[in-house]
Structures are given as C-alpha cells and as structure tokens.
Amino acid sequence: ELPSVAEEFASRPPMPRNKVQALFTFDFPRPCDTAIKLTRDESRGIKEDLTAIPEEKEVLVAPYTLFEVGSID
C-alpha cells in the first residue's frame, strides 16, 4: 500500500525547532454539515472527485466547526 500524501507531508524533515509535526485523522460517525466531502458522492449530487487523491477520503472542515473528541490514538 502506498503511503498517503498526508503521511508524506507529516514525515518530511527537517522542521524548525519551534514546530511540531502532527497528522490528524477524524472519524465522523454521523453526517456533519460543516465537513465538506471532496470525493464523489452520487447521493449528494457530487458527480466527480473534487480532490486529486480520492482514495484518502479527504474532507474540509469549515472554520468554527465544533466537535467532541472521543479518543486519541
């Protein structure tokens, strides 16, 4: 399996001393009105991928979106 583009960015050295690399993966168990899905979704009328890497199932989370963190791994 190829590494994801996000994982490649998160593991790029070197980082400045005052920065920390982090990769967050969110699981939305219910639909979220402020999470914009970027992959094809015929049920919502999205007929083509809006991202260059559809296998990553990328979404955009709108600013000021509130959510609860259930666990951190």
- [ ] Kindly indicate whether ALA22 is among the hydrophobic types (A, V, I, L, M, F, W, C) and assigned to a loop (DSSP other than H, G, I, E, B).
- [x] yes
Open item on the list: Take the residues in segment 4-40 that are farther than 17 Å from ILE72 by Cα and among the polar types (S, T, N, Q); name whichever of them is most open to solvent (accessible area, probe 1.4 Å).
Closed with: ASN18
TODO: Within segment 59-73, track down each residue that is closer than 16 Å to LYS37 by Cα and either in contact (Cβ under 8 Å) with a residue 40 or more places away in the chain or not in a loop (DSSP other than H, G, I, E, B) (or both).
DONE: VAL59, LEU60, VAL61
Open item on the list: For a quick check of your reading of the model, give me the residue pairs whose first member lies in segment 22-35 and is at pLDDT 75 or above, whose second is part of a loop (DSSP other than H, G, I, E, B), with beta-carbon atoms closer than 6 Å and at least 6 apart or on different chains.
Closed with: THR34/ALA62; THR34/THR65; ALA35/PHE28
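The values are calculated or read from the model by the stated rules, or taken from the named source; none is laboratory data. Given the structure is predicted, the values throughout are model-derived calculations rather than measurements. Note that we place each Cβ from the backbone using ideal geometry, even for glycine, and neighbour counts take in every protein chain shown. Areas reflect the complete protein model, heavy atoms only, side chains present, ligands, DNA and RNA absent. Shrake-Rupley method; radii C 1.70, N 1.55, O 1.52, S 1.80 Å.
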